[in-house]
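Peer 1: The structure is given below, and queries will be raised subsequently.
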Amino acid sequence: QLQASGGGLVQAGDSPRLSCAASGLTFSAYTMGWFRQAPGKEREFVARISWRAGSTYYADSVKGRFTISRDNAKNTVYLQMNSLKPEDTAVYYCAARPGGKATYVYWGQGTLVTVSS
């Protein structure tokens with residue numbers, strides 16, 4: 001199971017950090033990702049961090065502003081969000097896929113981030 005937290009109402013330019021705690025899986029064997037879904041839009045990819053070398057990959061819309069990281073000892077993945085914009089308002093979901101696989105098999109419940117201007 002994945003439990004996301006850290007969302008809320010923030011101001012444009014703020015730098016909140018989302019967390020996603022995993023349980024019931026061998027966390028270090030999973031690539032972890034963050035996705036988001038804005039009101040009226042489809043869910044989109046935000047960032048991922050690999051299971052093995054910890055390599056990261058970002059959507060162009062957040063590159064340079066968001067940072068994904070993981071702490072395998074705590075079974076937790078983080079999303080540090082900097083320089084937030086109103087268009088970053090969305091429900092943010094964490095997800096897990098087995099190392100080397102393409103499909104995310106576990107999803108968190110989502111945490112809402114609302115960015116006011």
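The values are calculated or read from the model by the stated rules, or taken from the named source; none is laboratory data. Remember, it's a predicted structure, so these values are computed and weren't measured experimentally. Quick reminder, even Gly has a Cβ in these numbers, built from the backbone with ideal geometry, and neighbours come from all protein chains shown. For the accessible areas, the whole protein counts, side chains as well, though only heavy atoms, and no ligand, DNA or RNA atoms are used. Shrake-Rupley method; radii C 1.70, N 1.55, O 1.52, S 1.80 Å.
Peer 1: What are the residues in the stretch 92-107 that are open to solvent by 50 Å² or more (accessible area, probe 1.4 Å) and either in contact with a helix residue (DSSP H, G or I) (Cβ under 8 Å, 6 or more places away or on another chain) or at pLDDT below 95 (or both), if any?
Peer 2: Matches in the stretch 92-107: Gly100, Lys101, Ala102.
Peer 1: I've got another one for you. Scan Asp60, Asp71 and give me the residue that is within 17 Å of Ala21 (Cβ to Cβ), among the charged types (D, E, K, R) and loosely packed, with under 13 Cβ neighbours inside 10 Å.
Peer 2: Exactly one residue qualifies, and that residue is Asp71.
The rows are residues; the columns are (1) among the polar types (S, T, N, Q); (2) closer than 13 Å to Leu18 by Cβ.
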| position | (1), (2) |
| --- | --- |
| Lys85 | no, no |
| Ala90 | no, yes |
| Cys94 | no, yes |
| Pro98 | no, no |
| Ala102 | no, no |
| Gly110 | no, yes |
| Val113 | no, yes |
| Ser116 | yes, no |
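Peer 1: Among the residues of the stretch 74-91, which ones are open to solvent by less than 30 Å² (accessible area, probe 1.4 Å) and acidic (Asp, Glu)?
Peer 2: Asp88
Peer 1: What strands (runs of 3 or more DSSP E) completely inside the stretch 37-95 contain at least 1 residues that are hydrophobic (A, V, I, L, M, F, W, C) and touching a Pro at 6+ places or on another chain (Cβ under 9 Å)?
Peer 2: So the answer is 76-81.
Peer 1: Out of the residues in the stretch 1-10 that are of a type outside the set (A, V, I, L, M, F, W, C) and either in contact with a Ser or Thr (Cβ under 6 Å, 6 or more places away or on another chain) or modelled with pLDDT under 95 (or both), state the one that is most open to solvent (accessible area, probe 1.4 Å).
Peer 2: Residue satisfying both the conditions and the ranking: Gln1.
Peer 1: Then there is this: Would you be able to tell me the number of residues in the stretch 69-95 that are more than 19 Å from Val10 (Cα to Cα) and either touching a Gly at 6+ places or on another chain (Cβ under 8 Å) or touching a residue at least 12 places away in the same chain (Cβ under 8 Å) (or both)?
Peer 2: 9
Each row is one residue, and each column tells you yes or no for (1) open to solvent by 20 Å² or more (accessible area, probe 1.4 Å); (2) over 16 Å from Thr114 (Cα atoms); (3) of a type in the set (Ser, Thr, Tyr).
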{"position": "Asp14", "(1), (2), (3)": "yes, no, no"}
{"position": "Leu18", "(1), (2), (3)": "no, no, no"}
{"position": "Ala21", "(1), (2), (3)": "yes, yes, no"}
{"position": "Leu25", "(1), (2), (3)": "yes, yes, no"}
{"position": "Ser28", "(1), (2), (3)": "yes, yes, yes"}
{"position": "Met32", "(1), (2), (3)": "no, yes, no"}
{"position": "Phe45", "(1), (2), (3)": "yes, yes, no"}
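Peer 1: Return the pairs, sorted by first residue and then second, in which the second residue is in a loop (DSSP other than H, G, I, E, B) and modelled with pLDDT of 95 or more, the first residue lies in the stretch 13-39 and is under 18 Å from Ala73 (Cα atoms) and of a type in the set (Phe, Trp, Tyr), the beta carbons are less than 8 Å apart, and the residues are 6+ apart or on different chains.
Peer 2: Short answer, once both residue conditions are applied: Phe27/Asn72; Phe27/Asn75.
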